[in-house]
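Novice: One structure follows; several queries about it will come next.
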Amino acid sequence: MSPTSLASTPPMGWNSWNTFGHHVEEALIRQTADVLVSSGLKDCGYEYIVIDDCWSIKDRRDGNGNLIADPEKFPSGMKALADYVHGKGFKLGIYSDAAEKTCAGYPGSLGFEEQDAQLWASWGINFLKYDYCHAPLFDQAVAIERYTSMGEALRKTGHEFLFSLCEWGNQSPHLWGRKVGGHMWRVSGDVFDSWINIWMKDWNSYGIGVDVSIDIANDVHEYGGPGGWNDLDMLVVGLKGKGQIAGTGMSFVEYQTHMSVWCMACSPLMIGCDIRKLDRDTASLLMNRAVLAVNQDSLGIPARRVKQIGPCEIWTKRLADGSTAVAVINRGSRGEDVTVKARDLGLLDTPKLARNLWAQEDSADFKAELGLRVQPHETILLKVFPS
Ligand code: GLA
């Protein structure tokens with residue numbers, strides 16, 4: 001497979017960090033694989049199961065300099081776990097950092113790039129999330145060098161890895177992510193389960209709120225595309241204010257906006273909640289096939305904002321079947337009436353059909369204008385095509 005056929009659409013999967021943090025372990029990964037199948041999530045396209053930080057022994061490597069998977073957390077070892085996950089039709093991801101230590105203080109891969117890549121390849125790992133804690137924050141040349149060196153190490157193994165850069169956007173990874181072999185690159189700090197940013201005293205920085213991610217997605221929209229995607233961070237859908245990435249929690253409508261924006265922006269979709277306890281509302285957000293199809297559309301064009309009307313915004317995204325996906329977002333705290341004009345969408349005043357993708361109904365025929373009522377923090381997601 002050539003590098004561009006990998007991640008030809010935004011990667012989808014599940015990641016341990018948002019809910020489980022330090023408490024990642026083998027039974028959880030096996031159960032998650034089982035539930036991805038039984039819940040129907042796998043059929044919707046969720047494919048990568050990613051073990052985030054905290055999987056190794058914390059304070060040392062072995063006598064040969066190899067990372068050691070913590071035998072208490074992973075008693076059967078990583079190779080057996082990868083075999084299990086592969087047997088269910090998934091790919092397995094792992095995590096490291098481009099410095100001496102990971103964010104949670106486990107050994108990082110700086111200076112061990114080839115050795116670590118070889119080890120992961122021997123286990124059958126298919127995906128690496130490569131973080132940037134303890135590395136120089138404002139030196140782009142160093143960031144490029146460190147990610148290049150891991151990208152090369154992964155390629156040298158001859159084994160196919162999806163390479164996920166987690167530099168948080170400080171040094172513009174959207175400009176060089178592809179060049180270092182990356183298939184996705186984070187464009188912000190960690191997104192919290194919150195509409196607005198939250199001050200994190202322990203980190204001395206902000207946890208990002210979904211409302212802020214909306215602007216970030218627009219800033220970088222032109223850099224994503226087949227083979228390399230702007231990563232808005234793992235999903236917080238279903239966290240409900242709990243887990244490692246806690247927060248104030250969001251309402252159903254806010255989670256729906258979060259999902260709408262990530263899909264419109266062609267962000268990777270990495271579930272962050274405990275899917276063993278999947279409730280109906282969360283499932284409806286993660287498994288709406290028409291919405292997921294917007295994210296996975298083969299043209300791979302990230303949406304952009306085309307109009308602002310007070311607190312409301314209209315975003316569009318051209319789709320492969322000739323239709324246009326349209327998001328009408330109300331970022332304000334009052335319900336608003338919005339008039340969407342065909343012209344705003346780059347369309348002529350000819351007959352059109354608008355299908356509401358969340359409500360799963362054909363909402364209106366229109367030519368020049370479509371009137372919509374949008375609730376506070378709501379996103380109405382439409383697919384507009386000639387009728
Ligand atoms: C950073 C990353 C997160 C997560 C943690 C793990 O904060 O941005 O996504 O990987 O580290 O420690």
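The values are calculated or read from the model by the stated rules, or taken from the named source; none is laboratory data. Remember, predicted model here, so these are calculated numbers, not experimental data. Here Cβ is always computed from backbone atoms with ideal geometry, including for glycine, and neighbour counts include all displayed protein chains. When the accessible area is computed, the model is the full protein with side chains, heavy atoms only, and any ligands, DNA or RNA have been set aside. Shrake-Rupley method; radii C 1.70, N 1.55, O 1.52, S 1.80 Å.
Novice: If I filter segment 31-47 down to residues being surrounded by fewer than 23 Cβ atoms within 10 Å (Cβ to Cβ) and either at pLDDT below 95 or not in a helix (DSSP H, G or I) (or both), which single residue comes out as nearest to the ligand (Cβ to nearest atom)?
Specialist: Only one residue fits best here, namely Glu47.
Novice: For segment 156-268, please list each of the strands (runs of 3 or more DSSP E) lying entirely inside it that holds at least 3 residues being open to solvent by 10 Å² or more (accessible area, probe 1.4 Å). Give the derivation first.
Specialist: Working: elements: 162-166, 184-186, 198-200, 205-207, 229-231.
In segment 156-268, 198-200 are the strands (runs of 3 or more DSSP E) which contain 3 or more residues that are open to solvent by 10 Å² or more (accessible area, probe 1.4 Å).
Novice: Under 22 Å from the mean Cα position of the chain (by Cα), more than 16 Å from the ligand (Cβ to nearest atom) and touching a residue at least 24 places away in the same chain (Cβ under 8 Å), is that true of Gly65?
Specialist: Working: under 22 Å from the mean Cα position of the chain (by Cα): no; more than 16 Å from the ligand (Cβ to nearest atom): yes; touching a residue at least 24 places away in the same chain (Cβ under 8 Å): yes.
No, not satisfied.
Novice: How about segment 79-104: which of its residues are within 11 Å of the ligand (Cβ to nearest atom), open to solvent by 20 Å² or more (accessible area, probe 1.4 Å) and closer than 14 Å to Leu67 by Cα?
Specialist: Answer for segment 79-104, where residues must be within 11 Å of the ligand (Cβ to nearest atom), open to solvent by 20 Å² or more (accessible area, probe 1.4 Å) and closer than 14 Å to Leu67 by Cα: just Lys101.
Novice: Still on this structure, please answer the following. Can you name the residue in segment 110-148 that is without any contact (Cβ under 8 Å) to a residue 60 or more places away in the chain, within 14 Å of the ligand (Cβ to nearest atom) and closer than 19 Å to Glu160 by Cα and is also surrounded by the fewest Cβ atoms within 10 Å (Cβ to Cβ) among such residues?
Specialist: Applying the first criterion (without any contact (Cβ under 8 Å) to a residue 60 or more places away in the chain) to segment 110-148 yields 110-125, 128, 130, 132-148.
Then keep just the ones that are within 14 Å of the ligand (Cβ to nearest atom); that gives 128, 130, 132-135, 137.
Still in the running and closer than 19 Å to Glu160 by Cα: 128, 130.
Numbers: Leu128: 24, Tyr130: 26.
The residue in question is Leu128.
Novice: If I ask for residues that are assigned to a loop (DSSP other than H, G, I, E, B) and either over 22 Å from Val294 (Cα atoms) or open to solvent by 50 Å² or more (accessible area, probe 1.4 Å) (or both), which ones from segment 329-346 would you list? Full working, then the answer.
Specialist: Within segment 329-346, the subset assigned to a loop (DSSP other than H, G, I, E, B) is 331-335, 346.
If the condition is that a residue be assigned to a loop (DSSP other than H, G, I, E, B) and either over 22 Å from Val294 (Cα atoms) or open to solvent by 50 Å² or more (accessible area, probe 1.4 Å) (or both), then Gly332, Ser333, Arg334, Gly335, Gly346 are the ones that fit.
Novice: Among the listed residues Arg318, Arg289, identify the single one that is under 20 Å from the mean Cα position of the chain (by Cα) and surrounded by fewer than 18 Cβ atoms within 10 Å (Cβ to Cβ).
Specialist: On the way: Arg318 fails: under 20 Å from the mean Cα position of the chain (by Cα).
Answer to the check: Arg289.
Novice: Then there's this: Answer with yes or no whether Ser8 is open to solvent by 10 Å² or more (accessible area, probe 1.4 Å), farther than 26 Å from Gly177 by Cβ, away from the ligand (no atom under 16 Å from the Cβ) and of a type in the set (Gly, Ala, Ser).
Specialist: Details: open to solvent by 10 Å² or more (accessible area, probe 1.4 Å): yes; farther than 26 Å from Gly177 by Cβ: no; away from the ligand (no atom under 16 Å from the Cβ): yes; of a type in the set (Gly, Ala, Ser): yes.
So Ser8 does not fit the description; no.
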